[in-house]
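Quick notes on the structure that follows.
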Amino acid sequence: MNEIQYLKEFTRLYKENSHDKYNREVECHFFMHKENRTKITNDDYFLSCFPSAICGFGSRNTNFIYNCKLERLAKLIEGTHDVEKEELEELYTFWADENDKERLRRYYPNDIKELMPYDDFENDYYTAYPLYRLGGAYLDFEKLFDLGIDGLIHEIDSQPLNSFLRACKKSLIYLKELIKLYRDDAMDINPELAYTLNELLEHRPQNMKEVIQLMWIYVGVSEIRNYGRMDNQLARFLDDEQDAYKNIAEYKINCI
């Protein structure tokens, strides 16, 4: 799927699920990760998935929530013509208005808009910026490690479901589907990584490598990049494996 096909399908999912914002987030988020998977190599010890797409959903500092990279879209428009060009121009108009960054900016007072007209503080250099982003969240890694993905699904099923919890459950089911895709990608290239990914589909993590792999996948799809004291969470798994490895120092270095 090329960028134009991807953009059209992402926009279709966005529009079709506009009546249910929770389900829309799940559908768009899964599609983004599914179609922009990280390329696996034979020397990857762990998989991380931080996709870069022309249009997506996320918590990035300067392109957050629903966003479309309009500069990239403008370049695509330059290289097309006739019907496809008209379709892309319609998509540009739609996302120029629908980008959450632009929608939020409409609520800023006019004097702030004039004094701080730029947002991309990671790439541009100006005196001041209106800073708005998602940040400060921490995952409950202990629960994630203790329950695994299926355990989290079971915990959701143990209580009355509303639209938010149904979306939470669906997102975990889609997470398993994403792991299956990565497992299949790795099967011939990196069998050891494929084995680790398959283990995460079967049960909660059992050892240090599975724990770190689950952490990296979950962090990648959630884009939560505050980790806290991970040594408190990981040490107990390392302690359980001390006797299983003759060279525990080499094992720890590989994991790190």
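Of all residues assigned to segment 23-30, at least one qualifies as being outside the structural domain of ARG225 (by TED's automatic domain parsing), under 20 Å from the mean Cα position of the chain (by Cα), under 21 Å from LEU200 (Cα atoms) and not aliphatic (A, V, I, L, M).
Within segment 70-83, residues that are touching a residue at least 24 places away in the same chain (Cβ under 8 Å) and assigned by TED's automatic domain parsing to the domain that holds ASP100 have Cβ atoms under 6 Å from residues that are surrounded by 10 or more Cβ atoms within 10 Å (Cβ to Cβ) and in a loop (DSSP other than H, G, I, E, B) in these pairs: ARG72/ILE54, counting only partners at least 6 apart in sequence or on another chain.
Does any residue of segment 136-144 turn out to be part of a helix (DSSP H, G or I), at positive phi and at pLDDT 85 or above? So far as segment 136-144 goes, no, none of its residues is part of a helix (DSSP H, G or I), at positive phi and at pLDDT 85 or above.
I'd like to check something: does segment 50-59 contain any residue that is at pLDDT below 95, surrounded by fewer than 16 Cβ atoms within 10 Å (Cβ to Cβ) and in contact with a Leu (Cβ under 9 Å, 6 or more places away or on another chain)? For segment 50-59, residues at pLDDT below 95, surrounded by fewer than 16 Cβ atoms within 10 Å (Cβ to Cβ) and in contact with a Leu (Cβ under 9 Å, 6 or more places away or on another chain): present. Taking residues in segment 95-120 that are more than 18 Å from ALA74 (Cα to Cα) and not assigned by TED's automatic domain parsing to the domain that holds GLU9, and partners anywhere that are among the polar types (S, T, N, Q) and at pLDDT 80 or above, not one pair has Cβ atoms closer than 8 Å while being at least 6 places apart or on different chains. A single entry from ARG166, ARG133, ARG72 fulfils the requirement of being basic (Lys, Arg) and modelled with pLDDT under 85: ARG133.
Per-residue answers, yes or no, for (1) out of contact with any Pro (no Cβ under 9 Å at 6 or more places or on another chain); (2) surrounded by fewer than 18 Cβ atoms within 10 Å (Cβ to Cβ):
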site	(1), (2)
GLU3	yes, yes
PHE10	yes, no
HIS29	yes, no
MET32	no, no
THR38	no, yes
THR41	yes, yes
LEU47	yes, no
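Per the listing GLU71, GLU102, the residue uniquely loosely packed, with under 12 Cβ neighbours inside 10 Å and over 30 Å from ILE173 (Cα atoms) is GLU71.
The values are calculated or read from the model by the stated rules, or taken from the named source; none is laboratory data. This one's a predicted model, so the numbers in the text were calculated from it and none came from an experiment. Methodologically, a virtual Cβ is constructed for each residue, glycine included, from the backbone with ideal geometry; neighbour enumeration extends over all protein chains shown.
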